[in-house]
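Peer 1: I'd like to ask some things about the structure below.
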Amino acid sequence: MKVFITGANGFIGSAVVSELLSTGHEVLGLARSEEAARAIQAAGAEVQRGSLDNHESLRIGSGKADAIIHLAFNPDFTAFQESCELDRNAIEIIGASLFGTQKPLLVPNGIGGLAPGRIVTEDDNVPTTYRLPRVSEQTALRLASQGVIASVIRLSQVHNVNRQGLVSTLIDIARATGISAYINDGSNRWPAAHVSDVARLFRMTLESPKAGVKYHAVAEEGIEMRAIATTISRRLGIPVKSLSAEEAQDHFGSLAPFVAMDMPASYNETIKRTGWHPTGPALLVDIEKISRS
């Protein structure tokens, strides 16, 4: 099949492109810049010029494809509300072009805040008290209730030796401050999955699409933040330190609420629904291999 991918030149998107092309699919990647277009072409995919705020380019790309994966998102936490609104609009535009077709749409979401105090499962819904402004999952599931074959893949900390999800920002902060920190006792947990496993899950889900289903791109249920910070400190050769909630705000800035989250997640139903089995390296193994400088 031919798959239209937004964010095709991004960290996860480029891995998904490679996975799809290596298994016989064609890819049409959205590119907002000449640099992005060159990267997509170099990977062996076709290019659709445009951006998330260029709705006509989203309609054209969706019209040319047999399936759509929406991965583009601006991770600027200083303008998070605006990024979430742009994301919602893009999903709605793509979804509107799919009514009356059998084209599947895959949309990502995060895991944080979905089930505070316990392990998140695929059957958990976004709670009515959910405070994060990103509504990609809610938007996709609303489209599914209206007849679009839309489903959701919830992302954990997606990693390799070059990038590690939000952990990459923790590493940058540790380098800049000379301290690898966690909050309070650091027992809060983050789930994780290697990018190669995540790309394979996107491909497998797209090949057997189901409307309104939620999947977890999770290989490790939950790694304690203290262990993550300790591994970063050991790799960079800097001290590790526990911070109070007040100190954390100054140290982590806009990332502080996420650093404090406890968000372990199960992947049992995803395995049952798809047959997917993660095989990539663990998060701490990849952190041990990051550059020291």
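Peer 1: Which of (1) at negative phi; (2) assigned to a helix (DSSP H, G or I); (3) surrounded by fewer than 20 Cβ atoms within 10 Å (Cβ to Cβ) does Val198 not meet, given it meets every other one?
Peer 2: Failed condition: (3).
Peer 1: Then there is this: I'd like to check something: does region 170-188 contain any residue that is open to solvent by less than 50 Å² (accessible area, probe 1.4 Å), over 20 Å from Gln249 (Cα atoms) and not in a loop (DSSP other than H, G, I, E, B)?
Peer 2: no
Peer 1: Being surrounded by 15 or more Cβ atoms within 10 Å (Cβ to Cβ) and either farther than 18 Å from Arg154 by Cα or modelled with pLDDT under 95 (or both) is the filter here; which residues of region 91-100 pass it?
Peer 2: Glu92, Ile93, Ile94, Gly95, Ala96, Ser97, Leu98
Peer 1: Let me ask something additional. Which one of the conditions (1) assigned to a helix (DSSP H, G or I); (2) under 20 Å from Gly113 (Cβ atoms) does Val158 fail to meet, given that it meets all the rest?
Peer 2: (1)
Peer 1: Another question about this same structure. Would you point out which residue out of Ala229, Ala256, Ala265, Ala282 is aliphatic (A, V, I, L, M), open to solvent by less than 50 Å² (accessible area, probe 1.4 Å) and under 16 Å from the mean Cα position of the chain (by Cα)?
Peer 2: Ala265
Peer 1: Would you check if there is a residue in region 14-22 being in contact with a Lys or Arg (Cβ under 8 Å, 6 or more places away or on another chain), crowded, with 17+ Cβ neighbours inside 10 Å and closer than 18 Å to Asp87 by Cα?
Peer 2: No.
Peer 1: Then there's this: Identify, by number, the condition in (1) closer than 26 Å to Pro75 by Cα; (2) part of a loop (DSSP other than H, G, I, E, B); (3) without any contact (Cβ under 8 Å) to a residue 24 or more places away in the chain that His277 doesn't meet.
Peer 2: Of everything listed in (1) closer than 26 Å to Pro75 by Cα; (2) part of a loop (DSSP other than H, G, I, E, B); (3) without any contact (Cβ under 8 Å) to a residue 24 or more places away in the chain, His277 misses just condition (1).
Peer 1: What pairs come up if the first residue lies in region 3-25 and is closer than 11 Å to Ile40 by Cβ, the second is modelled with pLDDT under 95 and open to solvent by 40 Å² or more (accessible area, probe 1.4 Å), and their beta carbons are under 7 Å apart, counting only those six or more places apart or on different chains?
Peer 2: Within 7 Å, the pairs are Gly7/Phe73.
Peer 1: While we're here: Could you please give the count of residues in region 47-88 that are open to solvent by 50 Å² or more (accessible area, probe 1.4 Å) and either of a type in the set (S, T, N, Q) or touching a Cys at 6+ places or on another chain (Cβ under 9 Å) (or both)?
Peer 2: So the answer is 5.
Peer 1: Right, another one. So which of Arg163, Arg142 ends up being open to solvent by 40 Å² or more (accessible area, probe 1.4 Å) and in contact with a Phe, Trp or Tyr (Cβ under 8 Å, 6 or more places away or on another chain)?
Peer 2: Matching residue, one of Arg163, Arg142: Arg163.
Peer 1: Those residues that are open to solvent by 10 Å² or more (accessible area, probe 1.4 Å) and hydrophobic (A, V, I, L, M, F, W, C), I need them from region 268-279; list them, please.
Peer 2: Hit for region 268-279 is Ile271, nothing else.
Peer 1: Next question. Suppose we filter region 142-159 for residues that are under 17 Å from the mean Cα position of the chain (by Cα) and under 11 Å from Gly212 (Cβ atoms); how many remain?
Peer 2: 3
Peer 1: Spot the failing condition for Leu206; the list is (1) open to solvent by 40 Å² or more (accessible area, probe 1.4 Å); (2) in contact with a Pro (Cβ under 7 Å, 6 or more places away or on another chain); (3) not aromatic (Phe, Trp, Tyr), and only one is missed.
Peer 2: Evaluating Leu206 over (1) open to solvent by 40 Å² or more (accessible area, probe 1.4 Å); (2) in contact with a Pro (Cβ under 7 Å, 6 or more places away or on another chain); (3) not aromatic (Phe, Trp, Tyr) leaves (1) as the failure.
Peer 1: Now for a separate question. Might you check whether a residue that is in contact with a Pro (Cβ under 9 Å, 6 or more places away or on another chain) and of a type in the set (Gly, Ala, Ser) occurs anywhere in region 89-110?
Peer 2: No, the conditions are met nowhere in region 89-110.
Peer 1: How many residues are under 22 Å from Val259 (Cβ atoms) and assigned to a strand (DSSP E or B) if we restrict to region 104-144?
Peer 2: 3
The values are calculated or read from the model by the stated rules, or taken from the named source; none is laboratory data. Only a predicted model underlies this, so the values are computations on that prediction, with no experimental measurement involved. Using ideal geometry, Cβ is built from the backbone for each residue, glycine included, and neighbour counts are taken over all protein chains shown. Please note that ligands, DNA and RNA were not included when accessible areas were found on the heavy atoms of the full protein model with its side chains. Shrake-Rupley method; radii C 1.70, N 1.55, O 1.52, S 1.80 Å.
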